[in-house]
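A.B. asks: Sharing a structure below in structure tokens format, with a few things to ask.
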Amino acid sequence: MKIALIGYGKMGKAIEEIANNEGDEIVLKITSQNQDEFTVHKLKQADVAIEFTNPHSAVENIKKCFDAGVPVVCGTTGWLKESDKIKEYCVQKQGAFLYASNFSIGVNLFFALNKYLASLMSTHKEYNVSMEEVHHTQKKDAPSGTAITLAEQLLENIKGKKSWVNNETNNASELEIISKRIGDVPGIHTIKYNSPNDLIEITHSAYNRKGFAAGAVQAAKFIAGKKGIFSMQDVLGL
């Protein structure tokens with residue numbers, strides 16, 4: 001498989017290592033230093049593009065992949081207010097698109113666990129649910145995209161919670177998310193159900209970026225040659 005890497009930071013380099021180990025070829029690497037090479041013509045060399053950049057450039061990067069007729073896997077977070085427009089553009093261009101707030105297989109299993117536990121807890125009003133997420137100091141968005149996905153699952157299932165806030169709160173209708181930025185932490189997400197009598201916690205802790213990278217490469221293999229809009233649930237059959 002021929003891959004275009006749009007974004008060549010820590011995640012891009014981790015993806016390159018995984019792809020090379022699996023016998024795939026990186027045919028294009030785009031950074032802020034070589035934007036002149038980021039053309040539709042050069043993108044057409046690739047079977048699939050993997051996009052990990054920043055919230056300000058992600059939308060136009062994804063559109064350019066659609067213009068080139070190249071399926072795109074996107075892991076950039078913080079731009080989802082534009083997601084409806086991207087999906088419409090994908091359909092218009094008969095493209096292929098797969099977005100995930102987190103490509104780690106473990107995290108996607110954690111999503112399934114979070115949803116199931118929330119459905120069990122929905123009738124037990126004595127428990128108050130909250131969340132904490134910890135990431136490295138270079139992470140630009142807070143809460144993380146993974147935390148937002150977890151929060152949306154909780155809001156769908158916990159009837160008393162109407163919205164999430166990224167701070168401490170005493171409002172029972174608000175889901176509290178506390179974001180911490182420490183050192184080089186790849187990512188820790190904890191869901192807490194606290195009652196006057198006990199505490200239930202589930203946590204996912206990433207040891208490194210390899211799990212994210214491996215999942216992104218797996219997603220790229222899944223979407224290559226396809227058309228439509230997909231998720232990691234499709235990749236993993238969840």
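A.B. asks: In this structure, is THR31 out of contact with any Pro (no Cβ under 6 Å at 6 or more places or on another chain), surrounded by 19 or more Cβ atoms within 10 Å (Cβ to Cβ) and polar (S, T, N, Q)?
C.D. replies: It is false that THR31 is out of contact with any Pro (no Cβ under 6 Å at 6 or more places or on another chain), surrounded by 19 or more Cβ atoms within 10 Å (Cβ to Cβ) and polar (S, T, N, Q).
A.B. asks: Determine, yes or no, whether ILE18 is touching a residue at least 40 places away in the same chain (Cβ under 8 Å) and within 25 Å of SER83 (Cβ to Cβ). Write out each step before concluding.
C.D. replies: Details: touching a residue at least 40 places away in the same chain (Cβ under 8 Å): yes; within 25 Å of SER83 (Cβ to Cβ): no.
For ILE18, the condition - touching a residue at least 40 places away in the same chain (Cβ under 8 Å) and within 25 Å of SER83 (Cβ to Cβ) - is not met.
A.B. asks: Now for a different question. What residue, of LYS87, LYS93, is more than 17 Å from THR203 (Cα to Cα) and free of Cβ contacts under 8 Å to residues at least 40 places away in the same chain?
C.D. replies: None of the others qualify; the one that does is LYS93.
A.B. asks: A further question on this structure: Can you tell me which residues in segment 189-213 are surrounded by 12 or more Cβ atoms within 10 Å (Cβ to Cβ), of a type in the set (A, V, I, L, M, F, W, C) and more than 27 Å from ALA49 (Cα to Cα)?
C.D. replies: The answer is ILE191, ILE200, ILE202.
For every residue, the table says whether it meets (1) within 18 Å of the chain's Cα centre (by Cα); (2) of a type outside the set (Gly, Ala, Ser); (3) under 23 Å from HIS56 (Cα atoms).
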| residue | (1), (2), (3) |
| --- | --- |
| ALA100 | yes, no, yes |
| MET121 | no, yes, no |
| VAL129 | no, yes, no |
| HIS135 | yes, yes, yes |
| SER144 | yes, no, yes |
| GLU156 | no, yes, no |
| ASN167 | no, yes, no |
| LEU175 | no, yes, no |
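A.B. asks: Test PHE66 against the stated conditions and say whether it is assigned to a helix (DSSP H, G or I), among the aromatic types (Phe, Trp, Tyr) and either under 30 Å from ILE202 (Cα atoms) or not assigned by TED's automatic domain parsing to the domain that holds ILE148 (or both).
C.D. replies: Yes; evaluated as a whole, the condition is true for this residue.
A.B. asks: Here's another thing I want to ask about it. Restricting to segment 134-149, and then to whatever is touching a His at 6+ places or on another chain (Cβ under 7 Å) and polar (S, T, N, Q), can you tell me which residue is surrounded by the most Cβ atoms within 10 Å (Cβ to Cβ)?
C.D. replies: It comes out as THR146.
A.B. asks: Please work out which one of (1) outside any helix (DSSP H, G or I); (2) outside the structural domain of ASP184 (by TED's automatic domain parsing); (3) not aromatic (Phe, Trp, Tyr) is the condition GLN138 fails and give its number.
C.D. replies: Evaluating GLN138 over (1) outside any helix (DSSP H, G or I); (2) outside the structural domain of ASP184 (by TED's automatic domain parsing); (3) not aromatic (Phe, Trp, Tyr) leaves (2) as the failure.
A quick yes/no check of all residues on (1) more than 20 Å from the chain's Cα centre (by Cα); (2) part of a helix (DSSP H, G or I):
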{"residue": "ALA4", "(1), (2)": "no, no"}
{"residue": "GLY12", "(1), (2)": "no, yes"}
{"residue": "GLU17", "(1), (2)": "no, yes"}
{"residue": "GLY23", "(1), (2)": "yes, no"}
{"residue": "LEU28", "(1), (2)": "yes, no"}
{"residue": "HIS41", "(1), (2)": "yes, yes"}
{"residue": "ALA46", "(1), (2)": "yes, no"}
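A.B. asks: Something else: What's the number of the condition TYR193 fails, among (1) closer than 25 Å to SER231 by Cα; (2) aromatic (Phe, Trp, Tyr); (3) in contact with a Phe, Trp or Tyr (Cβ under 8 Å, 6 or more places away or on another chain)?
C.D. replies: Of (1) closer than 25 Å to SER231 by Cα; (2) aromatic (Phe, Trp, Tyr); (3) in contact with a Phe, Trp or Tyr (Cβ under 8 Å, 6 or more places away or on another chain), only one is false for TYR193: (1).
The values are calculated or read from the model by the stated rules, or taken from the named source; none is laboratory data. A quick note: this is a predicted structure, and the numbers were derived from the prediction, not measured. Every residue, glycine as well, gets a Cβ built from its backbone with ideal geometry; the counts of neighbours run over all protein chains shown.
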